[in-house]
Amino acid sequence: MTFDALTGVLVVPAAAAALLAALPGYRLTARLNVAATTLTLLCALSLFFKRPHAGAYLLADDLNSTFIVLTAFVGFTTSVFSLSYIGHELETGRLTPPFVRFYHAMYQVLMFAMNLALVANNIGLMWVAIELATLTTVLMVGIYRTHEALEAAWKYFILGSVGIALALFGTILVYMAARPVVGEGLNAMVWTLLVTRARDFDPALLNLAFVFLLLGYGTKVGLAPLHAWLPDAHAEGPTPISAVLSGLLLNVALYALLRFKMLLAANPGALAPGPLMVALGLLSLVFAAFMLYRRRDIKRMFAYSSIEHMGIITFAFGMGGPLANFAGLLHMTMHSLTKSAIFFAVGHVAQVKNTQRIADMGGLTETHPVLGWGLVLGVVAIAGLPPLGIFMSEFLVVSSTFARAPLLAMVLVFGLLIGLAGLFLRLNSIAFGEPRGPAGKTQASYVPMFAHLALVLIAGIYMPPALVAWFYNVAGLLG
Amino acid sequence: MSRLDFDIAHFLAGLLVLISFVELYQDRLYALLNIYALHALTLAASVAWQAFIQDAPHLYVTAAIALLFKAIVIPVSLHRIIVRLGIHREIEKVVSVGGTMLAGMGLVALSMVVMLRVTHGADPLAREDLAFALSVVLLGLLIMVTRRNAVGQVVGFMSLENGLVLAATGAKGMPLVVEISVAFSILIAFIVIGIFLFRIRERFDTVDIRALDRFRGERR
């Protein structure tokens, strides 16, 4: 096989993981980590220009190129953030050098697994990749070895494994549905072949498969009744991992779901997957919005906010149609950028305050103006206020829903407003008022955070026509 | 496929469901582990039989994994972990035995109704295999939710996974089955190592409400 961009996004992280596992020394490995993610990003960007043909295992099309570039970009900025974050953790002794080495290797394995899940053209391979990503993140969540971290890792592990098991059953059912039409063997698992022949599949089998896939991968997306692992995993792991989990891994699971949704959409006899996704999405949104009020831990709060936004995105894709899909894609991109920026800020906040308790933080804009205002800007963005990008995408979701299902739109707006109020209530006590708690120093790197927020701001004010056209094109693919 | 081939495959798959039921009412950890070993052994026989009648030699690898890893290595190491960590040998159940068994019967009936109705196009063996497999999966889930004990939950997960392997081998000609069973074995190995390293005796199971609060992030 010749070297192309697709193998690039896989080989670079895999090689980097091996290298980082072998090399000692934090300064060198942390920089190598950044170098590897930069290379991956370059490979991913080249997918826009030259794209290899789809094989039996790997595939690149407009849909997954979007996801890969987003993953590579956030992966890159997070590695820059993690440079200073991990440095601080080493200084304070929360992590020891062997753990840092392990952390960097695992970071690259996670990048590899996510990219593999995104480029996989084979539904079995996609499943294996998502399993690998789950295992890696479980190890990362438990890295602090505190009681809470281990409990969180264990909970994530068990719930994630059950989700993954259900997804595998769904995958087997898809194979069973495809076998009489496509024929036995590898071809019946190749997604590009499946989607062209899906018209002739047995609809009943396909329906059942989708239910299992929705429950299985939905657990990984963090949809409401299946979300229990998510807040713990976000709160107890290192913050760069929270950023990657929220910003990327949830998207990857959603991407897997979207691929199967496209299969169902290609079959006229199958049930419409939309209503199921709409129901789960709305449930997640409203549930998470209410949960925002009682949170005392800052990272848990933003984890619930992630559930809320994954709910909105799933809802948008469930509604379907070019406009709602467009809104969903835009919202997913904006949420990834904003939420990881928030976690960058929160990571440094937790470091200067030496706690994650909201009650022990206060007056951040006075003691640490740059960090405090960065956090305020991030929360304003995630709450969906104009003129930032999330306002745009939420507005599109709401307006496209109002045109088709006004009642659903009412619920959506209700959830959004509840969530907005909850976030601001907490933000008020964190960012303003009397300074509370210790005011330690940190060698923070603000560049990744402000780079993300700047992108979100620009997208809110002016979207380049080329980007709009690209998203419309992808939205059309989703059907 | 001859009648006998079908009958043996059918018998082994049915046996797996039966053993899942036996797992369901165990209240001692050692007994549960022994029954699980039997479960894995039956799975190995079933997979090997599928390999034989489908003429698919690669499935023998999956059968070997089931035999060596799941039926021997895992139960033995869990046995030792229980001794080393001093885990309670009795399994605390959430629901009474009668209730659990009734729920289990309901789940098996559900999977029969669902699978047999949707798969009438498929060939009879794959169809019934799939129905049995779904029963094993659902019973595995039931075992997981009715146990408070971490080892009990892991055994539930492993029998759930056996159901998946049964489904995957029953789907004739499915690619990547061996890879998937290896991936699952790695997952299970991780879980078992996790129990040992994390020293998880009982999951979220404590009379100390403060510990629960701490875990839910509601620290004061």
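With no solvent and one equal point scatterer per Cα, compute the Debye intensity ratio I(q)/I(0) for the range A:307-408 at 0.10 Å⁻¹ and report its log10, rounded to two decimals.
Results for the range A:307-408 at q = 0.10 Å⁻¹ read -0.35.
Please state, as a whole number in µm²/s, the translational diffusion coefficient that the Stokes-Einstein equation yields for the range B:3-215 at 25 °C and 0.890 mPa s, with Rh defined as the Kirkwood radius across alpha carbon pairs.
For the chosen part, D equals 139 µm²/s.
Would you mind listing how long the range B:20-60 runs along its three principal axes, going by Cα atoms, in whole Å with the largest first?
40, 15, 9
Just add up the charged neighbours of B:LEU15: K/R +1, D/E -1, any other residue whose Cβ is under 14 Å from the Cβ of B:LEU15.
-4
How far is it, in nm, from the label point at A:ALA405 to the one at A:LEU271 when both lie 7 Å from their Cα along the line to the Cβ?
1.4 nm
A:ASP297's amide H: which non-local residues (gap 5+, or another chain) put their own amide H closer than 5 Å, with H modeled 1.01 Å from N in plane and none for Pro or chain starts?
Answer set, sorted by chain and number: A:ILE358.
Counting other Cβ atoms within 10 Å of each Cβ, which trypsin sites (Lys or Arg not before Pro) in the range A:372-465 have at most 15 and sit in a DSSP loop?
Hits after loop and neighbour filter: A:LYS441.
Ignoring everything except DSSP H segments at least 4 long, calculate the 222 nm mean residue ellipticity for chain A; use -39,500 (n - 2.57) per segment, divide by total residues, nearest 500.
Mean residue ellipticity at 222 nm (helix-derived): -26000 deg cm²/dmol.
Is there a simple number for the mean count of other chain Cβ atoms within 10 Å of the Cβ of residues in B:179-191, and what is it?
Mean inter-chain Cβ contacts per residue within 10 Å come to 4.
If you average over every viewing direction, what projected area does the convex hull of the Cα atoms of chain A give, in nm²?
Seen from a random direction, the Cα hull of chain A projects 20.3 nm² on average.
Per-residue mean of other chain beta-carbon atoms within 10 angstrom of the beta-carbon, peptide A:183-191?
Average neighbour count from other chains, rounded to a whole number: 3.
Enumerate the calculated ³J(HN,Hα) couplings along the range A:143-155 in order (Karplus 6.51 cos²θ - 1.76 cosθ + 1.60, θ = phi - 60°), each rounded to whole Hz, writing x wherever the residue is Gly or Pro.
Computed from phi, the couplings for the range A:143-155 are 5, 6, 6, 7, 4, 5, 5, 5, 4, 4, 5, 5, 4 Hz.
So what J values fall out for the range A:167-181 if you push phi through Karplus, 6.51 cos²θ - 1.76 cosθ + 1.60 with θ = phi - 60°, rounded to Hz, Gly and Pro as x?
Each residue of the range A:167-181 in turn: 4, 5, 4, x, 4, 4, 5, 4, 4, 4, 5, 7, 4, x, 8 Hz.
Any idea how far apart B:PHE190 and A:VAL370 come out in nm if each label point goes 7 Å out from Cα toward Cβ?
3.7 nm
Which semi-axis lengths, in whole Å and largest first, follow from the square roots of five times the eigenvalues of the Cα gyration tensor of the range A:1-153?
In descending order, the three semi-axes are 29, 17, 12 Å.
In the range A:158-263, if every C-alpha pair distance is counted and binned at 5 Å from zero, what percent goes to each bin?
Reading the bins upward from 0: 2, 13, 21, 20, 15, 11, 8, 6, 3, 1.
Counting other beta carbons within 10 Å of each Cβ, put A:GLU184, A:GLU394 in order, fewest first.
A:GLU184, A:GLU394
If you take each beta carbon of peptide B:151-162 and count the beta carbons of other chains within 10 angstrom, what is the mean?
The mean count of partner-chain Cβ atoms within 10 Å per residue comes to 2.
Given H placed 1.01 Å from N in the peptide plane, which residues other than close sequence neighbours of A:ASN122 have an amide H under 5 Å from its amide H?
Here the answer is A:TRP191, since their amide H atoms fall under 5 Å of that of A:ASN122.
Applying the Karplus parametrisation 6.51 cos²θ - 1.76 cosθ + 1.60 with θ = phi - 60° to the phi angles of the range A:95-103, what ³J(HN,Hα) value in whole Hz is obtained for each residue in order, glycine and proline being reported as x?
10, 9, x, x, 5, 5, 4, 4, 4
Using all alpha carbons of the range A:273-479, what is the percent of pairwise distances in each 5 Å bin, ordered from the shortest bin to the longest?
Reading upward from the zero bin: 1, 8, 16, 20, 18, 14, 10, 7, 4, 2, 0.
Can you tell me the FRET efficiency between A:ASP200 and A:TYR462 if r is taken as the Cβ-Cβ distance and R0 is 35 Å, rounded to the nearest 0.05?
Working: r = 46 Å, r/R0 = 1.31.
So the FRET efficiency works out to roughly 0.15.
Given H placed on each backbone N at 1.01 Å, which residues far from A:LEU388 in sequence or on other chains put an amide H within less than 5 Å of it?
none
With labels modelled as points extended 7 Å from the Cα through the Cβ direction, what inter-label distance (nm, one decimal) is found for A:ALA469 paired with B:LEU116?
Calculated label separation equals 5.8 nm.
Summarise the long-distance tail of P(r) for the range B:38-106 by giving the % of C-alpha pairs beyond 16 Å. Please list the in-between numbers first.
Values: 1506 of 2346 pairs.
Percent of Cα pairs beyond 16 Å in the range B:38-106: 64.
Specify which residue in the list A:PHE48, A:ASN187, A:TRP154 is farthest towards the positive end of the charge dipole of chain A, using unit charges on the beta carbon of Lys, Arg (+1) and Asp, Glu (-1), about the Cα centre.
Highest projection toward the positive end goes to A:TRP154.
Please list, short to long, the whole-number percent of alpha-carbon pairs of the range A:395-479 in consecutive 5 angstrom bins beginning at zero.
Binned Cα distances yield the sequence 3, 10, 9, 12, 19, 17, 12, 8, 6, 4, 1.
Nearest 20 debye, what's the magnitude of the dipole of the range B:3-215 about its Cα centre given +1 on Lys and Arg Cβ and -1 on Asp and Glu Cβ?
Numbers: 17 positive and 16 negative charges, 127 e Å.
The dipole of the range B:3-215 has a size of about 620 debye.
Sorted by packing (mean other beta-carbon atoms within 10 Å per residue), highest first, where do A:268-274, B:2-8, B:20-26, A:246-252 land?
Highest-to-lowest ranking by the protection proxy: A:246-252, B:20-26, A:268-274, B:2-8.
Under a Cβ-only charge scheme (Lys and Arg +1, Asp and Glu -1), can you give me the dipole magnitude of the protein assembly as shown about the Cα centre, in debye to the nearest 20? Numbers along the way, then the final one.
Numbers: 46 positive and 36 negative charges, 256 e Å.
So the dipole magnitude of the protein assembly as shown works out to roughly 1220 debye.
So how much slack lies between B:GLU90 and B:LEU102, counting 0.36 nm per residue of separation and subtracting their Cα-Cα distance, in nm?
Between B:GLU90 and B:LEU102, full extension yields 2.1 nm more.
Rule-based calculations on the coordinates, nothing more; no lab input. Keep in mind the model is a prediction, meaning the values are calculated, not measured. Methodologically, a virtual Cβ is constructed for each residue, glycine included, from the backbone with ideal geometry; neighbour enumeration extends over all protein chains shown.
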